[in-house]
Protein chains: 2
Amino acid sequence: MEPIVRDADIAPVAALIADPTRAAILTALLDGRALAAGELARVAGVSAATASAHLAKLLDGRLVGVVRQGRHRYYRLAGHEIAEVLEALAGISARPPVRSLRQSRQARQLEEARTCYDHLAGRAGVGLLDRLKEGGYYDGHDVTEAGERLLSGLGVDVAGARASRRRFAPECLDWTERRAHLGGALGAAVTEVLFERGWYRRGSVPRAVILTDAGREGLEELFASKELTSVTPVT
Amino acid sequence: MEPIVRDADIAPVAALIADPTRAAILTALLDGRALAAGELARVAGVSAATASAHLAKLLDGRLVGVVRQGRHRYYRLAGHEIAEVLEALAGISARPPVRSLRQSRQARQLEEARTCYDHLAGRAGVGLLDRLKEGGYYDGHDVTEAGERLLSGLGVDVAGARASRRRFAPECLDWTERRAHLGGALGAAVTEVLFERGWYRRGSVPRAVILTDAGREGLEELFASKELTSVTPVT
DNA sequence: GGGGCCCTTAGGCGGCGGGCGAAATGTCGG
DNA sequence: CCGACATTTCGCCCGCCGCCTAAGGGCCCC
């Protein structure tokens, strides 16, 4: 009866996330973009020196990656797995009370539409997945033939996403809606196209995204043009 | 350009997991059972007083629950969400090198079959899900009609699992196999039946489970009795 | 109801780690 | 090349947190 078995030791990674300053940095990077060290220092509310030390640790722990560009160094999350851990943690963490009117406005914005690292989430993400299912384009873990045609026609590189080592098209549980939206390589590819087409644009609040007029029309047309091939709403 | 938006603050929860002793305690509870405070002190390698202090913090942070029974206090994880966070963290954590022969034997045992909180994982879990899919009993997010018959016949309370507030039958990504096994309320219900029938029993290593002879026969018969209704192996 | 076991509380010690300012490194723009 | 800006490195202080031993409840059993 001794040390028993060695699991993966999670403590060091958790310790990296456990510091409030580092947590703020990681949260700021949750929208998938790369931010400069100075910006991260500002959002975390610490001096540049302090932020630099934290970033060095996060880098060493492989939670973030860095790309040097001139005199700036842009940091980003090391991958979607990191984002998923942060989302999972957020799911069991106390949500601090919303205070100001402005904050509640921003909170509503995030509930409406936001990115979950690199794919669409919030009511918009959940709604999109619903319409894909209702239209018979997606069956819970893969796109149907009709779905592949639909998305390819939109400009989504479905084959490329399928070839990725990342999971192809898993459902990703949404911690505000408590319902699923489209995640994985396909979710990211679709979201990329939504931005390229200008159907969604990034809002002023970090992870918020906004449906444009073009997007409203485009999505409506996209799902209206096809007759409903299957009316088996998944409970 | 001020405080921006308040996300759920994940740092306090991460800090609870970040201490090696607490991480050891949580990992020990990962098999879903409740352990007495003294046992947890032993597996973590600290004095009873130290363990008690840690358990008080975990309790305060709602990561564990406690049930008093006589002069013992049994602690367990507060829910499957907690287990999922720990699994996700393990997925991005460095796996410590296996040292002794005994440890590598145990590691192989865990890779073969183990519990993932309250449902079957490892090669056994992945294999079970594969056979459910191959037989047309499960379609990636729900059981088919045939699947409901099969499992109900086995004694699984499918309706009860479906009524649960927990997700019904999601695929759960396995961090050793990097493939999916059956999770959620249904995964737990199925696993419960497997234990009840004596098809699997718990091994000596905490999360390890072992296929019994009865289990080998039972599973073989279960999947052989039905002809393969569908031969569309999911890539 | 008294002794033994399980667990918690109290107190004190030691170390790790995050904070800052100042100076060094590196890069861009003239 | 030189000054401006972004980032890192260095040296130092300070507070927090985990550890132990010892003592204090609670519960069981004889």
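Accessible-area rank, largest first, for B:95, A:99, B:167: A:99, B:95, B:167, with all protein chains present and a 1.4 angstrom probe.
For the protein assembly as shown, a simple Cβ point-charge model (Lys and Arg +1, Asp and Glu -1, everything else neutral) yields a dipole of about 1860 debye relative to the Cα centre. For chain A, a simple Cβ point-charge model (Lys and Arg +1, Asp and Glu -1, everything else neutral) yields a dipole of about 1080 debye relative to the Cα centre.
Ranking A:189, A:32, A:150 by how far each Cα lies toward the positive end of the dipole of chain A (charges on Cβ) leaves A:32 at the top. Shielding value for B:16-29 is 4, the average number of Cβ atoms from other chains within 10 Å of each residue's Cβ.
Carbon and sulfur atoms: what percent of the 1.4 Å accessible area of the protein assembly as shown do they account for? Exposed carbon and sulfur together represent 51 percent of the surface.
Among the protein heavy atoms, those of residue A:130 account for about 40 Å² of accessible surface (1.4 Å probe, every chain in place). Spin-label model, residue B:222/residue B:196: points 7 Å from Cα along the beta carbon direction are separated by 1.2 nm. Size estimate for the stretch B:98-225 follows the Kirkwood approach: the inverse of mean 1/r over distinct Cα pairs works out to 14.8 Å. Taking a ≥ b ≥ c as the square roots of the Cα gyration tensor eigenvalues, with a/c under 1.5 meaning rounded and otherwise prolate when a/b beats b/c, else oblate, which class fits chain B? It is prolate, given that a/c is not under 1.5 and a/b is the larger ratio. Distance between the 7 Å Cα→Cβ label points at residue B:204 and residue B:47: 3.2 nm. A dipole drawn for the protein assembly as shown from +1 and -1 charges on Cβ atoms has a positive end, and of A:135, A:215, A:205 the residue lying farthest that way is A:205. Peptide A:131-143 shows a mean partner chain C-beta count of 2 within 10 Å per residue C-beta. Average projected area of the Cα convex hull of the stretch A:11-83, in nm²? For the stretch A:11-83, the mean projected area of the Cα convex hull comes to 4.3 nm².
Among A:74, B:138, the order of accessible area from largest down is A:74, B:138, computed with a 1.4 Å probe on protein heavy atoms. Rounded to the nearest 20, the Cβ-based charge dipole of the stretch B:114-230 about its Cα centre (Lys and Arg +1, Asp and Glu -1) stands at 480 debye.
In a fully extended conformation the segment linking residue B:81 and residue B:211 would gain 44.1 nm over its present Cα-Cα distance, using 0.36 nm per residue. Given a Förster distance of 25 angstrom, what is the FRET efficiency for residue B:68 paired with residue B:123, based on the Cβ-Cβ distance and rounded to 0.05? Working from the Cβ atoms, E equals 0.05.
Taken residue by residue and averaged, Cβ atoms of other chains lying within 10 Å of the Cβ of B:201-207 number 1.
Sorting A:204, A:164 by accessible area puts them as A:204, A:164; the probe is 1.4 Å, largest comes first, and only protein heavy atoms count. Computed on the stretch A:34-124, with alpha-carbon pairs under 8 angstrom and 6+ residues apart, the relative contact order is 19 percent.
The values are calculated or read from the model by the stated rules, or taken from the named source; none is laboratory data. Given the structure is predicted, the values throughout are model-derived calculations rather than measurements. Positions of Cβ are backbone-derived with ideal geometry, glycine not excepted, and every protein chain shown enters the neighbour counts. Areas reflect the complete protein model, heavy atoms only, side chains present, ligands, DNA and RNA absent. Shrake-Rupley method; radii C 1.70, N 1.55, O 1.52, S 1.80 Å.
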